[in-house]
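Where a number appears in this text, it was derived from the coordinates with a stated rule and is not lab data. Bear in mind that the values here come from a model prediction, so they are computed numbers and not experimental data. Methodologically, a virtual Cβ is constructed for each residue, glycine included, from the backbone with ideal geometry; neighbour enumeration extends over all protein chains shown.
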Amino acid sequence: MAVVRPDRAEHIVLTEWGGDKNLLKDITNNMVTVDPYRALRIVRNDLPDLSQLGRDLLLEEISNALAGTDPDGAESSARQIEAADIRSRALSKLSRTLARSDPDRAEQIVWSIPDEGQRRQALANIFHTWLDTAPYRAEQLVPRNQESGEKSWWWASLVKKVAAADPNRAERIARAIPDEAARAGALYQLFDTLRAVDQERALRVAATIPPHHEQEWARILAATAQDVTGTQPQRAQHLFDEAIRTAQHITDPKHRALAVWGVGGLLAETDRERGERLIRDITNPKIRLHALHGLAKEFADTDAPEQTAQFLAACVRIAAEGTEPTMRHWEIKWILKDMVKADPGWAARLATETLSSIPKEDRFSHLTSSADLLVDHVPDRAMHLATEAVHLVRQQKDGDRYNSYSMRAMVILALVDPRQAVRLATDTRSMQADEALERLVCAMVETAEQAGKDSERAR
């Protein structure tokens with residue numbers, strides 16, 4: 001009810017439930033997206049005993065809800081948040097929302113974000129927004145980024161973006177970059193953009209990159225080989241061989257892996273087997289994962305669905321066995337999203353098989369997101385995963401008395417087996433059955449409304 005009639009929901013809790021603080025908190029959570037001002041008033045006036053964490057999380061949701069329509073209210077709500085990490089998240093979201101409509105304010109907000117990691121991510125978000133909407137602003141922002149690796153990537157991205165419309169300006173930007181490594185990366189991007197429209201100029205640009213920048217030169221050689229494959233196959237073979245030798249000669253392990261990835265990806269477009277072998281030999285598991293995923297996406301556009309699925313399955317296994325545990329859930333989710341399109345049945349099996357490799361604190365998220373991905377393709381497996389997610393979170397969260405944590409999984413389950421969703425939703429001693437059912441229905445309505453908004457934004 002809080003989603004459809006927030007005023008009525010508040011009145012019922014205050015008059016018929018004696019102002020029960022747990023219920024009031026729950027309906028406030030549910031009404032945030034439809035009536036953020038009412039939610040803010042309740043947080044300020046009617047929930048004095050709310051924990052600091054609970055208050056901060058509600059203020060974050062309110063700030064997010066107001067960001068698109070009331071930036072002043074959104075910023076005010078965000079700055080009332082006590083916890084620096086949560087306040088940083090809210091301000092980061094607000095800056096991203098404002099990056100197009102009010103870029104000056106967006107940047108001011110970014111620099112006020114207390115958490116360094118969140119601040120860097122927020123800077124990256126507005127930089128990439130400005131690449132599309134205001135390249136001159138993006139150019140001004142790059143020198144203010146203190147992270148050298150990110151700065152190099154930003155310069156390269158800027159040059160690539162500008163080169164398509166104004167190669168002369170792009171070249172001036174690239175040559176003015178003070179750091180030599182960043183300059184080499186930007187000049188490579190200019191070369192890569194010019195290849196399709198002015199090959200002679202592209203080669204002239206490449207010739208100005210010092211030869212000791214082997215990562216760039218390995219990719220230049222491979223790209224040139226790709227360009228002449230159809231007309232000069234022997235020269236192309238020679239250039240690919242030289243590109244591979246150059247990449248494998250790089251002493252820094254990470255740079256070597258990145259160079260081999262670049263060469264292998266280009267080689268695979270003309271010689272799939274050789275390119276694949278090169279990429280499978282990359283020793284850095286994360287880079288091998290990204291490289292194989294890139295190949296899988298290329299094959300997805302061809303008539304090789306089985307090979308696409310094989311690559312993606314290999315990616316999932318690399319993620320499950322060789323990547324950072326804290327990132328494992330996100331990396332597997334990222335790959336399964338493509339795997340569902342290639343082979344839904346295989347994706348369903350992998351979602352279950354990889355559960356044991358996920359850290360315990362991320363398993364509920366893994367089960368729920370996997371169920372969400374599979375619900376339209378393998379509904380039986382989605383039902384099983386969603387049910388398991390509900391049972392797991394109830395073990396972890398002291399029974400999850402008000403279904404607050406498990407509601408997302410229950411909504412997914414309701415799409416496949418409404419009766420099972422109702423049984424689980426009402427299987428609680430903290431609420432009457434009709435109240436639990438009402439909360440489930442409201443969550444389903446809210447999910448449907450959000451799906452509609454997402455669909456509109458995607459058009």
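Observations on the structure shown:
- Take every pair of alpha-carbon atoms less than 8 Å apart whose residues are at least six positions apart; their mean separation over the length of the stretch 359-452 yields a relative contact order of 22 percent.
- Sequence ranges 100-113, 364-377, ranked by mean other-Cβ count within 10 angstrom, highest first: 364-377, 100-113
- Tail beyond 33 Å, pair distance distribution of the chain (Cα, percent): 50
- Most positive-pole-ward Cα, G68, T133, A443, against dipole of the chain from beta carbon charges: T133
- Note: relative contact order over the stretch 255-373, using C-alpha pairs below 8 Å and six or more positions apart, is 19 percent.
- For GluC sites (Glu not before Pro), the sites in the stretch 237-333 that DSSP calls loop and that have at most 14 other Cβ atoms within 10 Å are E269.
- Model label points for Q432 and H212, set 7 angstrom from Cα along the Cα-to-Cβ axis, are 7.9 nm apart.
- Ranking S370, L415, A124 by how far each Cα lies toward the positive end of the dipole of the chain (charges on Cβ) leaves A124 at the top.
- Charge dipole of the chain about the Cα centre (unit charges at C-beta), most positive-ward option of I244, V393, Q310: I244
- Kyte-Doolittle at least -0.5, axis length at least 27 Å by Cα - qualifying DSSP helices, the chain: 433-458
- Point-charge dipole on Cβ atoms (K/R +1, D/E -1) for the stretch 268-412, about Cα centre, debye to 20: 500
- Note on the stretch 147-198: with charges restricted to the Cβ of Lys and Arg (+1) and Asp and Glu (-1), its dipole about the Cα centre is near 140 debye.
- The chain, relative contact order [Cα under 8 Å, separation at least 6], %: 6
- Across every pair of non-identical alpha carbons in the stretch 359-452, the mean reciprocal distance, once inverted, gives a Kirkwood radius of 13.1 Å.
- Exposure proxy for W261, W155: other Cβ atoms within 10 Å of each Cβ, ordered fewest to most, give W261, W155.
- When each of the peptides 409-421, 347-359 is scored by the mean number of other C-beta atoms lying within 10 Å of its residues, the order from highest to lowest reads 409-421, 347-359.
- Cα centre as origin, Lys/Arg/Asp/Glu Cβ charges: the chain dipole, Debye: 580
- Cα centroid separation - the stretch 132-154 against the stretch 397-411, whole Å: 42
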